[in-house]
């Protein structure tokens, strides 16, 4: 009996060991590509069978900034991101309030319809968007690229905000009213603090979408509206891996900050609902 | 007028609230889709006339058929591999092993990182000068030359798994964590060993979660664009093929691109509908099975 128990425990420990091996190798596999990008971006003369670059340099970053015009590209990305976030948050607040707090016929159908852009590969409607924007002269303008991003950001903003507004408890508002707060006070001291986290989350996710958006940007950008993903893609085409890596590092740092923020504030399941392969 | 307003003010307010969203939906999604659909029936480069030529040319062409097959192959293959990877991973992470917070964060990394950057890093890692081949050549005997991973079909499938397995994994993990542990304890008390508990109680119960997650992985892999664009080499799935039609030839072949886009959208919708039906059926079976398992 004792022997059997020891055997079982051994099996259990063995399984854990196997588990740790799996976890460790997976983490390695996920992190190694980024380490290689980071090293490639600061390495010099890294040829042949070398595990690490023999010399360190910041030259490639200088190239990225000067030739790749990164400050300008960063400015474009931020402006487009801010416009896209603003538009989709406004859409999200209005529609979220309607979906979350109001009765209406055909609510489910309407919701499914509005979430449809997330179910269909962006390239299929990016074609039509580009065609329309060419006739409206919106291609290669901040507004145009940002509006194209809205088609990806807005459904998610609506989803997050309608959940937020739905969770707003009517009784809390009534309690505030009973305690003598007028409408204005109720809004600023009760409603706003309650919905602020939801609005912030929606803004963060919208911005991440816009920041990472590639497909719709590729079909609507022009020389004046090159964003970071497009710039990186163009650099891949040029074939200078070191400079491309430097750009990738510059691009990925804000994403990591956002990851840290999300990990602290939101549940990963929400992330899965919100992110779509670009 | 005032009576009309009084009777319908609530509905009108709702409509006003929904107006920006509906305007965005029609302007940025519905109308573009409609335009794509119309364009796909127009002769190339013309604004009038109707033709089916764009479809027949793409669907009859062996290259076109290969593009469709390749897209399905990549999407289904990477979805299956993601499930095979995610289930053991979720089972381990559920146990709150040491450092599980770190590993959970690791799983989220491919979701947050732009696909372009992930593909770039993978290309560097698996390249002839990358760490993967260095490791193989220095530590594994009989491997003298770099192993080709980049720009091959299995390499591309691996890239897809790397990028899109988190959808399946996170959903599986959350299904496992919402599972009632007492069901498993009941199984163990009744004399089932760990494997039997896993096979007959845990797996049937989390199957809906796994399937729901794998739908997300499938959709991401089916619609993947940036990754095959830079890491696909000669393997061009539907999304890349659409882009090539307007990026490579001069003048751009908008009608051909639109026809492929319509084919792609239709395939995705049909496949999703079938998948959802499967998920619903599996959900019902799992609930029944779990009920029986719980009783036993």
> Which Rg and Dmax, in Å, describe the Cα atoms of chain A?
Replying inline: 24.4, 81
> Which ordering of B:241, A:108 is given by a fewest-first count of other beta-carbon atoms within 10 Å?
Replying inline: A:108, B:241
>> If I model a spin label at residue B:142 and residue B:66 as a point 7 Å from the Cα along the Cα→Cβ vector, what separation in nanometres do I get?
In response: 3.1 nm
>> If you average the C-alpha positions of segment A:84-138 and of segment B:65-125 separately, how far apart do those two centres end up, in angstrom?
In response: 28 Å
> Who wins for biggest fluctuation among B:208, B:43, B:237 in a Gaussian network model of chain B, springs between alpha carbons below 10 Å?
Replying inline: B:43
> So how do B:165, B:225, B:139 line up by other beta-carbon neighbours within 10 Å, fewest first?
Replying inline: B:139, B:225, B:165
>> Quick check: from the Cα gyration tensor, does segment B:226-276 come out rounded (a/c under 1.5), prolate or oblate?
In response: oblate
> Dividing the Cα convex hull volume of segment B:128-216 by residue count, how many Å³ per residue is that?
Replying inline: 154 Å³
>> Could you tell me the relative contact order of segment A:61-167? Use alpha-carbon pairs under 8 Å, at least six residues apart, and round to a whole percent.
In response: 51 percent
> Can you pull the three principal axis extents for the Cα set of segment A:62-134, in Å, largest first?
Replying inline: 58, 26, 21
> Counting alpha carbon pairs within less than 8 Å and at least 6 residues apart, what relative contact order, in whole percent, applies to chain A?
Replying inline: 27 percent
>> Compute and list, largest first, the equivalent-ellipsoid semi-axes of segment B:6-103 from the alpha carbon gyration tensor, each √(5λ) rounded to a whole angstrom.
In response: 41, 35, 9
>> Need one word for segment B:1-61: rounded, prolate or oblate. Basis is the Cα gyration tensor (sqrt eigenvalues a ≥ b ≥ c); a/c below 1.5 gives rounded, then a/b vs b/c decides.
In response: prolate
> At q = 0.12, 0.19, 0.28 Å⁻¹, what base-10 log of I(q)/I(0) does the Debye formula yield for segment A:186-253 when every alpha carbon is treated as an equal point scatterer in vacuo?
Replying inline: -0.48, -0.79, -1.19
> How are the Cα pair distances of segment A:121-212 distributed, in percent, across 10 Å bins from 0?
Replying inline: 15, 32, 23, 17, 11, 3
> In peptide A:217-228, how many Cβ atoms from other protein chains are near each Cβ within 10 Å, on average?
Replying inline: 1
>> Relative contact order for chain B: what percent, with Cα pairs under 8 Å and sequence separation of 6 or more?
In response: 26 percent
> When the Cα atoms of segment A:173-225 are enclosed in a convex hull and the volume is divided per residue, what value in Å³ results?
Replying inline: 106 Å³
> So what does log10 I(q)/I(0) come out to for segment A:131-181 at q = 0.15, 0.17, 0.25, 0.29 Å⁻¹, using the Debye formula with one equal point on every Cα and no solvent?
Replying inline: -0.61, -0.66, -0.89, -0.98
>> At 222 nm, what value in deg cm²/dmol follows for chain A if DSSP H runs of at least 4 each add -39500 (n - 2.57) and the sum is divided by all its residues, to the nearest 500?
In response: -25500 deg cm²/dmol
>> Over the Cα atoms, compute the radius of gyration (one decimal) and Dmax (the largest Cα-Cα distance, rounded to a whole number) for the protein assembly as shown, in Å.
In response: 25.9, 89
> How do B:106, B:219 rank when sorted from fewest to most other Cβ atoms within 10 Å of their own Cβ?
Replying inline: B:106, B:219
>> Calculate the FRET efficiency for residue A:184 and residue B:15 from the Cβ-Cβ distance with a Förster distance of 25 Å, rounded to the nearest 0.05.
In response: 0.45
> Just from its helices, what would the mean residue ellipticity at 222 nm be for chain B, if runs of 4 or more DSSP H residues each count -39500 (n - 2.57) and the sum is divided by every residue, rounded to the nearest 500 deg cm²/dmol?
Replying inline: -25500 deg cm²/dmol
>> If N is the number of residues in chain B, what value comes out of its Cα radius of gyration divided by 2.2 N^0.38 Å?
In response: 1.29
>> Starting from a Cα-only point model with no solvent, please compute log10 I(q)/I(0) by Debye for segment A:42-92 at q = 0.13, 0.14, 0.16, 0.23 1/Å.
In response: -0.55, -0.59, -0.64, -0.83
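Just so you know, all these numbers are worked out from the coordinates, no wet-lab data involved. Here the structure is a predicted model, which means the values were calculated and not measured. Glycine also receives a Cβ, built like all others from the backbone with ideal geometry; neighbour counts cover every protein chain displayed.
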